[in-house]
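The values are calculated or read from the model by the stated rules, or taken from the named source; none is laboratory data. Computed from a prediction, not measured in an experiment: that's the story for all the values here. Note that each Cβ is placed from the backbone with ideal geometry, even for glycine, and that neighbours are counted across all protein chains shown. SASA here: full protein model, heavy atoms, side chains in, ligands and nucleic acids out. Shrake-Rupley method; radii C 1.70, N 1.55, O 1.52, S 1.80 Å.
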Amino acid sequence: MLSIVIIGTGNVSHHISKAIEKVKSLKLIQICGRKKKIPENFNQAISYCINLKQIKKADFYIICVNDDAILKISDKLSTDTESIVVHSSGSTNMNQLSKHKNHGVLYPLQTFSKNKKTVFKDVPIIVEGNSDLSLYKIKKVSKLLTKKVVVCNSDQRTLIHISAVFTNNFSNYMNVIAKKILKSQNIDADILNPLIKETADKLNYLSPMEAQTGPAIRNDEKTIQKHLNLLKETKYFNIYDDLTRLIIKSK
């Protein structure tokens, strides 16, 4: 049985911890964080510490903290030479863990929220290792957590993270804008929810390009200009115009 310690108590840490607890051959022996007590959404029976000097010996250490804290945590972390240290970041270079003999990356490609359950088996995990042995062990653990494991170098993983920002963060912000526009006119913004769901569901059987609809893909200039006229005095004018022109050019 492989023993694991997680450093960090955010959303990624929470969901990884839940996934680990479902695997019989893995044992989560400790969580380390900055909060005085282990957060309520974690298994309260798991050992918890707030000092890196109190961390237990383990086969695996997973650092799930903000990107700018990874190097600082790594430098303070003491491990055995046989242990593997990984971080879960999409954009941070693996070399920030170079203090440790065996190190790498275990990056789950998903958006995680505190109160939203995730089927972790369906979450792709992007992995990297500083040696063949490290990579083998990281892949071994990852395959116990998910059905999809992809090996990438740090540059490739950063491109995956950029793509994830476009498909998740940016697209979600479009929903934020859409609902603000409706609310500004006292229109129930929830009327968009079925459309948002259908847009996502279509990607199960169509490519994004095949699923693209709307006035831009039809080059419907009359409708586009009508929309732009209504948005003329808003901060959303340029966003609508720029995205429309990009869609038109994509055909």
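Working note: Karplus 6.51/-1.76/1.60 with θ = phi - 60° gives the range 29-44 the couplings 9, 6, 10, 10, x, 8, 5, 5, 10, 5, x, 4, 7, 9, 4, 5 Hz, where Gly and Pro are set to x. Counting only heavy atoms of the protein chains and using a 1.4 Å probe, Thr244 has close to 10 Å² of accessible surface.
Averaged over all directions, how much area does the convex hull of the C-alpha atoms of the range 75-151 cover when projected, in nm²?
On the way: hull surface 22.3 nm².
With the hull built on Cα positions only, its mean projection is 5.6 nm².
Determine the shape class of the range 1-68: with a ≥ b ≥ c the square roots of the Cα gyration tensor eigenvalues, call it rounded for a/c under 1.5, and otherwise prolate if a/b is greater than b/c, oblate otherwise.
Taking the square roots of the gyration eigenvalues as a ≥ b ≥ c, the range 1-68 is rounded.
Charging the Cβ of each Asp and Glu at -1 and of each Lys and Arg at +1, and nothing else, the dipole of the chain about its Cα centre rounds to 680 debye.
The residue list Phe170, Leu206, Val149 was ranked by how far each Cα lies along the charge dipole of the range 147-218 toward its positive end, using unit charges on Cβ atoms, and Val149 comes out on top. Highest GNM mean-square fluctuation, the chain, Cα pairs closer than 10 Å: which of Ala178, Ala216, Ala189? Its mean-square fluctuation being the largest, the pick is Ala216.
Both the radius of gyration and Dmax for the range 129-217 are 19.0, 60 Å, in that order, over alpha-carbon atoms. Around the Cα centre of the range 110-216, unit charges on the Cβ atoms of Lys, Arg, Asp and Glu (plus for the first two, minus for the last two) sum to a dipole of about 500 debye.
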